Structures are given as structure tokens and as C-alpha cells.
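The values are calculated or read from the model by the stated rules, or taken from the named source; none is laboratory data. Only a predicted model underlies this, so the values are computations on that prediction, with no experimental measurement involved. Quick reminder, even Gly has a Cβ in these numbers, built from the backbone with ideal geometry, and neighbours come from all protein chains shown. Protein only, heavy atoms only, side chains kept; ligands, DNA and RNA dropped before computing areas. Shrake-Rupley method; radii C 1.70, N 1.55, O 1.52, S 1.80 Å.
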Amino acid sequence: MTVELQVAQGWLTVCELSSLIPGRGVAALLPDGSQAAVFVDRAGRPYAIGNQDPFTGAHVLSRGLVGTAGGRPFVASPLLKQRFDLESGRCLDDEETVVRTYPVRTAVTS
Amino acid sequence: MTEPLPTIVLIGHGMVGQRYLEALAERGVTATHRITVLCEEPRPAYDRVHLTSYFSGSTAEDLSMTPAGFMEEHGIALHLDDPAEHIDRAARRVTSRSGQVFPYDVLVLATGSYPFVPPVPGKDAPGCFVYRTIEDLLAIEEYAKDRGSGAVVGGGLLGLEAAGALQGLGLATRIVEFAPRLMPVQVDEGGGAALLRTIESMGLTVHTGVGTQEVVTGEDGHVSGMRLSDGSTVDTDLVVFSAGVRPRDQLARDCGLDVGERGGIAVDARCRTSDAHVYAIGECALAVDGRVYGLVAPGYEMAETAADDLLGREKEFTGADLSTKLKLLGVDVASFGDAHGATPDSLDVVWSDSRSGVYKKLVVSPDGVLLGGVLVGDADSYGLLRPLTGSVPPVAPEQLVLPAGVGAPVALGPSALPDHAVICSCHNVTKKAIAACDTLAEVKKCTKAGTGCGSCVKVIGQLLPAATDKGLCGCFPFTRAELYEIVRTRRLTSYEEILDGHGRPEARGGDGCEVCKPTVGSIIASLAPTLGASGYVLDGEQAALQDTNDHFLANMQRNGSYSVVPRIPGGEITPDKLIVIGEVARDFGLYTKITGGQRIDLFGASVDQLPRIWARLVDAGFESGHAYGKALRTVKSCVGQTWCRYGVQDSVRMAIDLELRYRGLRAPHKLKSAVSGCARECAEAQSKDFGVIATASGWNLYVGGNGGATPRHADLLAQDLSDAELVRLIDRFLMFYIRTADRLERTSTWLERLEGGLDHLRDVVVHDSLGLCAELEALMADHVAHYRDEWAETLQDPERLRRFVSFVNAPGAPDPTVKFVPERDQVKPDLAVLTIGGPVR
């Protein structure tokens, strides 16, 4: 089982699902040089958002902790702890701030 | 050219003087005026009201009333040990003892009062003291060594305090009071009788209705006894005069200011003296009602009045409440309003129980208005009764003083008080002002209520909204301490099991949050050997709970790079090891800084560099310094006896032993410690969570200190400990803290929150009052036995090492966004500081 991200060029294989720890993330380098943060929750569902923390500019969101608030998954930035909804990219602490999201899927490796 | 700022000279830096300075600062006057303070004592303002607590373990620093940095921040020039000696009102200048001349535009006299010593023969013999300043206390303490008995002349408030202090120094103590009862000013005959019984039952000897005729001296000229007015002679080794105070008005007299017939600098309702440029406030002033107030609350009010007058604001001081509540010699004594029933036609309601030493009297008018009262032995109701003074209480007065079980008392809460009731009389704060706040901290900050004598804190607590949900976060309805107990008693080692079994219903089955995950991770880690779990923070599910710092065993910095801190126990390091650190820093291009904790921080490592940096350090014999964790950081030390000519113990050895013993210990907050080799305190042990100071006969242990944003001096927990006793006590202290503290609660705030405070802590960890000590020691023994270095362990685990990459899909590529630029021959992050705001938890 691999995790794949949709980018301009199509579906990009990022890693084996088994190499993701539930509740934690990894960073992926995308073909255009940008970075995505990829997570899996405890139910095994994958999520992907931009890796840059908009509050500090550092590329660190992949290193935050994943949680659930109001039934929705989020990641808390490891720097100043703002929470970001993993499905919409919306910052739960600041309505104006949104990070981008990526379509993500798991695929059976042949 | 700029005009010179107008100048205020304050003479006297006691409690009232300091309050005046704060009042000026609050009104912005410190920015528009130059302020000079002349202080006779060698130390800035301290809490004279709680002077006696010096003998029960408070330090001179604890008693300080002057916030650190206050003078600097407000540009106030404080001259200690240099009293004013002469005032030239015509030229408007003050000359101090050192000969300096200070011109003024405004002069404020806050010279306080001096103890009155009756003119009896022998009053100046060695062994005679007064009880007024910290220096007086130090002198009494020194003289009392190797002496067996003491006497206090005067059975008023201060006399009883002094007697308690003498008894605390181990002296057989007697009190000689001229009036027919103790505390004649505050307490009536019945109250005096109750007080006498209780005080005699504590082993003190009390003489009432007799005067002191002579202090008798022995062959060496030192005090040996006293002759009393009833003809008797009593033996005593020292005498403390506490026969009242007199206003210190000599400076004012010498420069021709008006003073009262019986002393006190005459002031008007704005605290102005007969010279428009001169104010007098506090115990040196004679108020318009003809009284000299010897209490701090009226002094504070005068300080505010004088500050307001300076700005042309109208505020008048025409008299004050003389209510007092004290715990003297362990007896509650309170007196308020018209305690003696001087109002015509007033009636008494009295409850007296001589078995338990309780005496309560309320004075009421025929139409039911509460006029005042006296409480001895049980003054709990003082906080409610005093604000009700002057109004008709909502229930019959007797119901307010009867103990439970006698005549169906009602539970009258502070909710019954009217909005204008004054709850804190030291700072004149009403119920309404307090009810506008949410927490005690907020009340203290916004209104100062509760920061004076402290007798109102209990009532304030009852006026504040009760926190309804003490839960750790949205996932758990429990506090950290409760979660700790759940994990410990049910032996739970899985976060999911804990969340699904004990979380809030809406959180079960979810992913938790960034608040409870690291908290549970820390609890499991600190209990790991005992639970039979792996203590390794990156094992299995534990890895998913750790904050990024713990997850990567390094400290994340603002640009996403990490810093690495090798442990340098006690700050002791060989040249070879120093060279290794230097080489590692040079080879990886790291920014290097010596920290405040006697270690070396290496900044700017990228994720993928971390294992290679550790490998070099571990090879050279270093281990993880846990600078990333809520764990023990450093144990700082001075060089101690080995090198220092003042050292009395080997502080380096002890610091190393302690640091190695507690390394890696997970706690609710980071922990810091220090060991000083002598009382000079070069290691700053009293600002640490636990600090050790060497004495000639062992070690003194201080706990609950804190540097940082809210500094707090540590409290002395135990003295003159052997090495083994010291370690055992610290074991117990740390484990008790880890078990009961809240998330991110440092030992300082924990200790202040702990019900019963330091005394309770001492009961638990020294006297084992809860029977917990064996268990606490066993938990620590488990921790010590199972310690493993997290860096070394990670290096040996290829599976875990795979996580140390910048990109999961490009393991060899470093993160191109982590960039550096040079500064002062080293590197710094190349990352703009963003200014987007946003709530931060």
C-alpha cells in the first residue's frame, strides 16, 4: 500500500503507508520544489497539506501532532501551536489563514 | 535646552514609602519627575507586618516588598543606609548622613515610627532589644544563642509577636503587660481572658497589671533579670521592649513643621504638612482626626492620597478602619469596628467557650446594625463580619458567631455582602471590584486586593466564579494529576486505551490533541519502569505522542532547524571534550553559544544531520542533555570547596551526582537545579526548582524557586542534611511534584497552589504524613535503575534512524528552505520574521 498525492503532473507516489506513524506526519518534496506535509490518522486515513507554517514561514507542519476537534482531523504546528484542519487547510485559530491541501489516496502496489 | 525635571525626595523606604512610589509609578509621575529616596536601613522596603515569619523560615528576600527592577524601571534613585539628617525648607534641600545634598520641589516624609522604651534603669544594658527591623531580629537571634530565657515588655500586638519569636528561638518566655489584660487596645476583658488561657497553655508566662521597674544586670553587665512593680524579681537573659511606638517626627520638628502635642507631623486631609511643599504619610503623620495610625492599611491610603494630591486630584484621608486580624502565637485574634462597645446604647452578643479558648463578641446597635466585634481563638468569620460592619446583617448576629451544632447557624456566604462592602481593607477594595475578575491572580493584579495582610484571600476565593471544568483539554475531563493516578493504578501504557476508556465521550475513538498527547506521553515515560512499559520515548505508540522536540531528541528553532545540547554534568568538562564539541560545531557549521545553564548549545542542525552529530558526541562520551524535554535540564554549580576559598562542601561532586541521578526524568515541566558550595550562592540555587546550598554541617535544600518570567525565590525545605538525606528528600519531592502537578506547572506555581503550601509539602516529604514516601522513593529508584541515553539508543536502531530525513520521498536531500547567513563570525537563520498574528495556546 502506497500513499499518492495529486500534483500538476498527476498522482505522485510519496511513500509506503506503513512508513507513516498514525498521528504523525512526513514531509514530501514535490516536483515543483514545494513541500507537502502528509499524515495518517489512527483510522488509517491519509491527508496532505502544504508544509509551510504561514505564521512563521518555516516548513514544519509535517512535524506537528495530529488530533481531532469536533470530529475533524487537524495538525497543530510544532512552532506556535496554531491548529490547521487537515481536510480544508483552514486555520482553526485564525479565519483569514488557510494552507493549501492536496488530494491524496492510498493505492495497492503491484 | 530642556527644563530639568521637577524633583521629589522621599524620606523613608518602608512599606508606606514603597507604596507611595508605586502610586507615583501607576499615575505616570515617575516619567515626569526625578525621584530620590533616602532610606536609613541597609535594605529596601520589606514587609514589617510579617517580620516574625523571618523566624519561621522566611528569608529577608521573601519579606521584600520591592519588586525586582522596580527602581531601575522607573528611574528612581534609592540611597540605602543613608538617612536624611537635615531639612532646609527655605532652600528646599535635604542633607543626608553621608553629606549629600538633595534639592527638592516636593518632599515626602514617610519616616514611620520608633519603638518606645520606658525610661527604666538598665534599659540600655547588653541584652535589651527592641522589635522593629530585620536588623533587630538578627541581633536578637544572635544574642539568644546559648541563652535560656527571655522577657517581652508589652502584651500588645507586637509584644505577642515578639514573644512568639522568642519562644521559637527556644527561650523560656514571659510577657509583662502593664494593663490588666493582653492586647488591651483591640480586645475586651472577655477576649483578653480567653487569650491569656490559650497563651499560658502554650507554656508562656504572662504577668498582667504589673509594670517593669528596673532591668537587673549581672556581674558582667549583661541583663540577668527584671524587677516588677509588684515587688517581685524574675530571672531573664534578655529583654525585648515592645511597649508601643511613637511617630518619628524629629526631622520635622527640627525644621519647624507643625507637630501634634503628643507627637506626629500634623497633616491636612490631603496629607500636606504646614509647608505646602512637604507631605507626611504613614505612622509619622498626625491625621486630621487627631490620630496617629500604627497600621499599614491607613498608611497605604495616605500614600495614595498624597500621590493624587500631587496631580491635583481630589482624594481625602480623614480617618481609617482600625480592624485587625492576626495569628499570634498560633491563636487567631481579630478586632474590628467598635470592638469595645463605645457607641451609646450598644448591645453585646457574646459566645465564650473557655474549654477551646474561643471567645467571640459582636457589638450591635438597638436597631440591629453591626458595629464591631472581637474574635479570639476562631476568627474565620472575620472576613465576612468586617465588611458587614455598619449595616444590618441579613441574619441574626448570634447566628454569625455560634459554632456549628449550637443553635442552628446559617451558612452565610459572601454572596450576602452588598456590592460596596470593602473586602480588602489594606487596599480598600470592594466586593464589586473583585467580582469583576475571574481569578485570584487577576484580582491581585487589577485591584491589589489580597496582597496586603492576606486575611481576605479566603473570602475573595468565595467571590470568584468556580472553575467548572478542570479537564486537561477537550479530550479529557481529568486534570493531569488525576490522569497520572488513572495511568498508575490501572497500569495503562497505551494512549488509545486511555483515550477510549477515560476520555470525554465525544473524544473517544478520535486522535486526541496536541495538549493531552505529550502529557500522557510524559506520564507514561515517568512511570515506565513501574508500569513495565518501555521508557524509551520513541518506542511504538509512544513515538506518536511526543512533541516535535522529544520526537527528534533536539530543540526545534524558528526556522525549522534544531539545536543540540550535550549533557555536561555540573558544568564540569575536560579540555578534550571541549575540543570535541568545538570540532563538531565547526564541521557541521553550527552556531555555538554557552547557555545560562552551564552548557553549550549547538544551533542550526538540519533533521538529517542530527544522527551524525550525536554519533560524534556519543563517541566522545557525551549523552543527551534533554534540553528538548519536559525533564531535568541542568544542575548548575560553583566550584565549591575544592577550589574556592569560601566553599564549605564539594558542590561540583554533588551537582554531578544529582544531575546524573535525575537525568531523563520526565516531569510536568522542565526542571532546573543548582548546588552552591557556600552561602554566597554563586550557583543561584534559590532560583531553581530544587536548589542546594552547602552549610558547614551539610546541605540546605530549597524548593519551588523559579527564574524566568515570574521569578520566585525558593523556600527552605530542610537544613543541614547529609548527602543521603539530601538525595532521599529530593527523590520524594520530585516524585510528589510529578504526581500531583498540572500540565506545564512549574514547581513554583505548584507549591503556591498546593493546599497548605510549604508546611504541607514538608509534612508529606519529610514527615511522611501521607505514608507515601516509600512509594515515591521506589518510583525514583526505578527511574534511576532504568535510565538509558536516548541518543545512543536511537543511533543503534536503524528503523528509527530512518525518520531522520528531511523528505520521505528524497531521503538524501536536505531541506533547501533551511538557510543561514553569517553574523559575528557564525551563522543565523535566513528567514524573515513574519508578522501575521493569531491566537497562540
Selection status of residue B:531, in contact with a Ser or Thr (Cβ under 7 Å, 6 or more places away or on another chain), more than 14 Å from every other protein chain (Cβ to nearest Cβ) and open to solvent by less than 10 Å² (accessible area, probe 1.4 Å):
no
Quick one: count up the residues across the stretch B:34-49 that are in contact (Cβ under 8 Å) with a residue 40 or more places away in the chain and either over 22 Å from residue B:97 (Cα atoms) or open to solvent by less than 50 Å² (accessible area, probe 1.4 Å) (or both).
9
Could you count how many residues in the stretch B:504-526 are touching a Pro at 6+ places or on another chain (Cβ under 8 Å) and either within 10 Å of chain A (Cβ to nearest Cβ) or part of a loop (DSSP other than H, G, I, E, B) (or both)?
2
Close pairs from the stretch B:380-399: first among the charged types (D, E, K, R), partner open to solvent by less than 20 Å² (accessible area, probe 1.4 Å), Cβ under 7 Å, at least 6 apart:
B:386/B:323; B:386/B:336
Please verify whether residue A:38 is within 22 Å of residue B:476 (Cβ to Cβ) and open to solvent by less than 20 Å² (accessible area, probe 1.4 Å), treating the condition exactly as stated.
no
By residue number, the members of the stretch A:62-82 that are farther than 21 Å from residue B:803 by Cα, more than 7 Å from every other protein chain (Cβ to nearest Cβ) and within 12 Å of the chain's Cα centre (by Cα) are A:74
State which residue is most open to solvent (accessible area, probe 1.4 Å) when the search covers only the stretch A:65-83 and only residues that are part of a strand (DSSP E or B) and hydrophobic (A, V, I, L, M, F, W, C).
A:69
Where in the stretch B:558-669 are there strands (runs of 3 or more DSSP E), lying fully within it, with 3 or more residues that are surrounded by fewer than 21 Cβ atoms within 10 Å (Cβ to Cβ)?
B:591-594
Before we move on, is residue B:740 within 24 Å of residue B:526 (Cα to Cα) and at pLDDT below 95?
yes
For the stretch B:56-98, which residues satisfy the criterion of being touching a Pro at 6+ places or on another chain (Cβ under 7 Å), surrounded by 12 or more Cβ atoms within 10 Å (Cβ to Cβ) and not β-branched (Val, Ile, Thr)?
B:64, B:78, B:80, B:81, B:92, B:93, B:96, B:97
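The rows are residues; the columns are (1) over 30 Å from residue B:436 (Cβ atoms); (2) among the charged types (D, E, K, R); (3) in contact with a strand residue (DSSP E or B) (Cβ under 8 Å, 6 or more places away or on another chain).
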position	(1), (2), (3)
B:472	no, no, no
B:481	yes, no, no
B:487	yes, no, no
B:500	yes, yes, no
B:516	yes, no, no
B:531	yes, no, no
B:551	yes, no, no
B:559	yes, no, yes
B:571	yes, no, yes
Only one of (1) within 30 Å of residue B:602 (Cβ to Cβ); (2) touching a helix residue (DSSP H, G or I) at 6+ places or on another chain (Cβ under 6 Å) fails for residue B:530. Which number is that?
(1)
Check whether at least one residue in the stretch A:47-54 is within 20 Å of residue B:606 (Cβ to Cβ) and among the hydroxyl-bearing types (Ser, Thr, Tyr), and report yes or no.
no
For the stretch B:699-739, what are the residues that are outside any strand (DSSP E or B) and open to solvent by 40 Å² or more (accessible area, probe 1.4 Å)?
B:708, B:709, B:710, B:711, B:713, B:722, B:723, B:724, B:725, B:728
From the set of residues in the stretch A:41-64 that are under 16 Å from residue A:3 (Cα atoms) and not small (Gly, Ala, Ser), which is most open to solvent (accessible area, probe 1.4 Å)?
A:45
Within the group B:832, B:792, which residue is more than 27 Å from the chain's Cα centre (by Cα) and exposed (fewer than 14 other Cβ atoms within 10 Å of the Cβ)?
B:832
Can you tell me which residues in the stretch B:146-157 are open to solvent by 30 Å² or more (accessible area, probe 1.4 Å) and either modelled with pLDDT of 90 or more or of a type in the set (A, V, I, L, M, F, W, C) (or both)?
B:147, B:148, B:157
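Residues are listed down the side, and each one gets a yes or a no for (1) more than 14 Å from every other protein chain (Cβ to nearest Cβ); (2) farther than 17 Å from residue B:666 by Cβ; (3) assigned to a helix (DSSP H, G or I):
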residue: B:775; (1), (2), (3): yes, yes, yes
residue: B:784; (1), (2), (3): yes, no, yes
residue: B:794; (1), (2), (3): yes, no, yes
residue: B:800; (1), (2), (3): no, yes, yes
residue: B:803; (1), (2), (3): no, yes, no
residue: B:811; (1), (2), (3): no, yes, no
residue: B:815; (1), (2), (3): no, yes, no
Assess whether residue B:692 counts as being of a type in the set (A, V, I, L, M, F, W, C) and open to solvent by 10 Å² or more (accessible area, probe 1.4 Å).
no
Is the stretch A:14-35 home to any residue that is under 19 Å from residue A:100 (Cβ atoms), surrounded by fewer than 18 Cβ atoms within 10 Å (Cβ to Cβ) and within 8 Å of chain B (Cβ to nearest Cβ)?
yes
What are the pairs, 6+ residues apart or on separate chains, where a residue within the stretch A:69-95 that is within 19 Å of residue B:518 (Cβ to Cβ) has its Cβ under 6 Å from a residue that is of a type in the set (Gly, Ala, Ser)?
A:74/A:67; A:75/A:64; A:76/A:64; A:77/A:64; A:78/A:64; A:82/B:838; A:83/A:76; A:93/B:838
Taking only pairs six or more apart or across chains, which ones have beta-carbon atoms under 7 Å, a first residue in the stretch A:53-65 that is on the phi > 0 side of the Ramachandran plot, and a second residue that is of a type in the set (A, V, I, L, M)?
A:57/B:831; A:57/B:832; A:57/B:834
Among (1) surrounded by 20 or more Cβ atoms within 10 Å (Cβ to Cβ); (2) over 24 Å from residue B:354 (Cα atoms), where does residue B:136 come up short?
(1)
If you go through the stretch A:96-110, how many residues are touching a residue at least 24 places away in the same chain (Cβ under 8 Å), outside any strand (DSSP E or B) and surrounded by fewer than 17 Cβ atoms within 10 Å (Cβ to Cβ)?
4
Sole exception among (1) at the interface with chain B (Cβ under 9 Å from one of its Cβ atoms); (2) touching a residue at least 12 places away in the same chain (Cβ under 8 Å); (3) more than 21 Å from residue B:559 (Cα to Cα) for residue A:46, by number
(1)
